[in-house]
Amino acid sequence: MRKPHAVIIGAGDGLSASLARNLAPDYALTLAARSTTKVAAVARATGAQAVQLDATDEDAVSAMLDALPKAPRVVIYEYLLEPLGDISPIEAEEKYAQALKLDKIEA
């Protein structure tokens with residue numbers, strides 16, 4: 001029996017790598033990242049397919065999902081929610097509020 005598919009968008013070498021290792025025994029994995037270099041070791045260790053993807057490009061995300069052999073059972077979208085550099089507390093609050101207004105991409 002073939003494993004169901006799981007996709008991690010925004011994959012990296014931290015939380016998503018841990019998720020990939022936990023999902024690997026029961027799911028065929030696709031790790032989508034801006035750079036596949038960061039996820040190459042996790043992909044090898046889990047048997048996952050690593051694909052380059054700009055997760056801010058809705059058409060690219062749709063095309064990646066459409067290219068899968070079967071609709072995934074699990075899709076995880078991990079995004080970076082930390083400021084790059086120094087910002088004031090008010091700016092941090094505004095950036096956090098913006099991050100909570102994520103658009104949903106329907107697959």
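The values are calculated or read from the model by the stated rules, or taken from the named source; none is laboratory data. Bear in mind that the values here come from a model prediction, so they are computed numbers and not experimental data. Cβ: placed from backbone, ideal geometry, glycine included. Neighbour counts: every protein chain shown.
A few comments on the model shown:
- A20 vs. criteria modelled with pLDDT under 90 and within 13 Å of the chain's Cα centre (by Cα): no
- Scan of segment 12-25 for residues that are within 14 Å of G47 (Cβ to Cβ) and in contact with a strand residue (DSSP E or B) (Cβ under 7 Å, 6 or more places away or on another chain), ordered by number: A20, L23
- Inter-residue pairs, beta-carbon under 9 Å, first surrounded by 14 or more Cβ atoms within 10 Å (Cβ to Cβ) and assigned to a helix (DSSP H, G or I) and in segment 1-21, second acidic (D, E) and modelled with pLDDT under 95, 6+ apart: S16/E78; L19/E78
- Within segment 25-45, the set of residues being farther than 14 Å from R73 by Cβ and surrounded by fewer than 19 Cβ atoms within 10 Å (Cβ to Cβ) comprises P25, R34, S35, T36, T37, K38, A40, A41, R44, A45.
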